[in-house]
Amino acid sequence: MIRNLYIIAFLGFILVSCGEKTTDQIESSSQTEAMDDRIQVTQAQFDQSKMSLGGLEEKSFPTVVIVNGMIDVPPENRAVVTASMGGYIKTTPLLIGDIVRKGQLLVTIENPEFVALQQQYMEVNEQLTYLKAEYDRQVTMRAENITSQKSFLKAESEYKTAVARHTGLDRQLRMINISPASVRAGKISSVVSINAPISGSITKVNVSKGSYVSPATEILEIIDNDHIHLELSVFEKDILKVKKGQAIDFKIPEASSAIYKAEVHLVGTSIEANRTIKVHGHLEDESGVNFLTGMFVDASIVTNSAFAKALPSSSIVTVDENSYILVLDEKQGDTYYFRQAEVEVVQESEGFSLVQFNTDMAADTQFLTKGVFNLLGE
């Protein structure tokens, strides 16, 4: 009986000891799992992935006005080609995109009225010789008092009327690109040519061979892209912040993510119907970039700047519209332990981001600045 009691006591001691050991193992395992919540990176991984650490840096962040607009050209670099007199298109050899030089033939127009105009000019030109001679004779006779006042005034009126008509027809012929000298030489044509008023590229062709055009018809449009500018729309609430000489950062969202530089050149003085004011900007460098008139622009006008602590933008990874960073928690031997933290990106500028932390960070806190995407982005 006593022997059995010893056996029972011994078994109970073993069970108690096992229980305590199991509890210690659970606690140890829990601590290990807590440590595993952090991201571990060995020194070899750190070096192989070319990772780097860094802290908060003092950087200048601009205060900007966000606007949009378009690429445009000055009025003198845009030309709409029309006909001074109506007619039928005889030839139209050019297509959209063709480059033309000032004075180059664009289209030819045919109309019988051109012949009638030249005929009238020739008739008046011939009459002018006789009327000039008669007027000079009347002037001489009037000086000698051997002609009546009525005859002198009649000759003077007829001559000056002919001169006025001759001058008017001469200008009309020049407007439709017909040389009065050629008409005086007897060369009459029913076809006139329209030449390019400026050099540039054809951006619109609104006619085809055989179509009739009136003086109000826009035949072609030519744009010279040698000098382009920004035409921005600034809302009324922001316009008092905008001044001549301020820097502009802009991009063409539909074509490229590159950021280009410009400067405010003119600020409009009238408010459009949509409560915006036009701001004219000049590009810092127009060479090497093939901007096209009408391209949509997203722009930021820099109105002020301030210094703030910031992180390199490469240290931030966005996952499901949330931004995260990796904070160095500690380093044990050859192992780095990083803690993931969510942040809000307030502003970005020249490769740095002004962020708002959800928890307080010490001034000497180290962050993973390169290689974050390899750990969080996947």
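The values are calculated or read from the model by the stated rules, or taken from the named source; none is laboratory data. Quick caveat: nothing in here was measured; it's all calculated off a predicted structure. All Cβ positions, glycine included, derive from the backbone under ideal geometry; neighbour counts span all protein chains shown. Side chains included, ligands, DNA and RNA excluded: accessible areas come from the protein's heavy atoms. Shrake-Rupley method; radii C 1.70, N 1.55, O 1.52, S 1.80 Å.
Give the residue that is nearest to Ile71 (Cα to Cα), with candidates limited to residues of the stretch 201-218 that are part of a loop (DSSP other than H, G, I, E, B) and of a type in the set (Gly, Ala, Ser).
Ala216
Quick one: how many residues across the stretch 246-291 are open to solvent by less than 40 Å² (accessible area, probe 1.4 Å) and either at pLDDT 90 or above or not in a loop (DSSP other than H, G, I, E, B) (or both)?
Result for the stretch 246-291: 13.
What pairs come up if the first residue lies in the stretch 155-168 and is of a type in the set (S, T, N, Q), the second is in a helix (DSSP H, G or I) and surrounded by 15 or more Cβ atoms within 10 Å (Cβ to Cβ), and their beta carbons are under 9 Å apart, counting only those six or more places apart or on different chains?
Filtered contacts from the stretch 155-168: Thr161/Leu131.
Among (1) modelled with pLDDT of 85 or more; (2) assigned to a strand (DSSP E or B), which single condition is Ala308 missing?
(1)
Look through the stretch 311-324, keep the residues that are β-branched (Val, Ile, Thr) and modelled with pLDDT under 85, and return whichever of them is least open to solvent (accessible area, probe 1.4 Å).
Taking the stretch 311-324 first, the residues β-branched (Val, Ile, Thr) are 316-319.
Of the ones still in play, those that are also modelled with pLDDT under 85 are 318-319.
On the way: Thr318: 92, Val319: 48 Å².
Filtering first and then ranking leaves Val319.
Checking Ser323 against (1) outside any strand (DSSP E or B); (2) within 30 Å of Arg38 (Cα to Cα); (3) hydroxyl-bearing (Ser, Thr, Tyr), which test does it fail?
(1)
Filter the stretch 219-245 for residues that are of a type in the set (Val, Ile, Thr) and assigned to a loop (DSSP other than H, G, I, E, B) and give the result. Let's see the steps before the verdict.
Looking only at the stretch 219-245, we keep the residues that are of a type in the set (Val, Ile, Thr), and these are 219, 222-223, 228, 234, 239, 242.
Across the stretch 219-245, the qualifying residues are Ile219, Ile228, Val242.
Out of Glu58, Glu123, Glu76, report the one residue that is open to solvent by 50 Å² or more (accessible area, probe 1.4 Å), under 30 Å from Asp249 (Cβ atoms), in a helix (DSSP H, G or I) and not hydroxyl-bearing (Ser, Thr, Tyr). Quick ask: steps written out before the conclusion?
On the way: Glu58 fails: in a helix (DSSP H, G or I); Glu123 fails: under 30 Å from Asp249 (Cβ atoms).
After ruling out the rest, the residue left standing is Glu76.
Can you name the residue in the stretch 350-375 that is in contact (Cβ under 8 Å) with a residue 60 or more places away in the chain and hydrophobic (A, V, I, L, M, F, W, C) and, of all such residues, is most open to solvent (accessible area, probe 1.4 Å)?
Top of the filtered list is Ala363.
Just to verify a result, which residue in the stretch 146-183, among those that are out of contact with any helix residue (DSSP H, G or I) (no Cβ under 8 Å at 6 or more places or on another chain) and outside any helix (DSSP H, G or I), is farthest from Ala133 (Cα to Cα)?
It comes out as Asn177.
Looking at the structure I just gave you, is Ile198 part of a strand (DSSP E or B) and either open to solvent by less than 40 Å² (accessible area, probe 1.4 Å) or closer than 30 Å to Ile271 by Cα (or both)?
no
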